[in-house]
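The values are calculated or read from the model by the stated rules, or taken from the named source; none is laboratory data. What you are looking at is a predicted structure, and each value in this text was computed from that prediction instead of being measured. Here the Cβ is made from the backbone with ideal geometry for all residues, glycine too, and neighbour counts use every protein chain on show.
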């Protein structure tokens, strides 16, 4: 990093106790970011981390740090991912451990999101199982829905209606013809 001022001179780190904090602490060592004059600011809570993004975005100032998706924060404040190079799964595994003795340079691996349910629920609800096996959407969509929900102080049901109304190209493929016709008749 030749000019740390371009990113605000600071790396905004996760709070203690968060998994990203351990990985970030090891990535800070691997990339030697303090050597380049960057201050590492360890946030005390998720609220201060989110507030730092909002403050920088509003003031049109640079912000450099770690945040995850999907979240309402990234739905409100569009950020650009830093290319940290290729993902090395073994280095990422080590970096995720507090006792990692050889932190390595690697990009962040994507996390897998699973839909799970109990066996009794699975056995009693084949229609829901069929639906949930098809449900898929991007982080960008979920970011936007969560941001809308927060901005409008909306309930989960209201956020669901917002999703159904705004993303009509996404959800119909999850439904049977009969269910799609029913939902389409309601969502205008």
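Worth pointing out:
- Only a single criterion out of (1) surrounded by fewer than 19 Cβ atoms within 10 Å (Cβ to Cβ); (2) in a helix (DSSP H, G or I); (3) more than 19 Å from the chain's Cα centre (by Cα) is not satisfied by residue 54, namely (3).
- Matching residues in region 1-23 - criterion: being touching a helix residue (DSSP H, G or I) at 6+ places or on another chain (Cβ under 9 Å), more than 16 Å from residue 63 (Cα to Cα) and in a helix (DSSP H, G or I): 22, 23
- In region 59-72, the residues that are touching a residue at least 60 places away in the same chain (Cβ under 8 Å) and either part of a helix (DSSP H, G or I) or out of contact with any helix residue (DSSP H, G or I) (no Cβ under 9 Å at 6 or more places or on another chain) (or both): 72
- Sole residue being outside the structural domain of residue 28 (by TED's automatic domain parsing) and within 29 Å of residue 18 (Cα to Cα), chosen from 125, 152: 152
- Which listed residue, of 184, 155, is over 20 Å from the mean Cα position of the chain (by Cα), without any contact (Cβ under 8 Å) to a residue 12 or more places away in the chain and either surrounded by fewer than 11 Cβ atoms within 10 Å (Cβ to Cβ) or over 27 Å from residue 79 (Cβ atoms) (or both): 155
- Residue check: residue 30 meets all listed conditions (1) at pLDDT below 95; (2) surrounded by 17 or more Cβ atoms within 10 Å (Cβ to Cβ) but one, namely (1).
- The residues listed here are 161, 145; of these, the one that is under 21 Å from the mean Cα position of the chain (by Cα) and either surrounded by 11 or more Cβ atoms within 10 Å (Cβ to Cβ) or at pLDDT 95 or above (or both) is 145.
- Hits in region 78-107 - residues which are surrounded by 14 or more Cβ atoms within 10 Å (Cβ to Cβ) and without any contact (Cβ under 8 Å) to a residue 12 or more places away in the chain: 93
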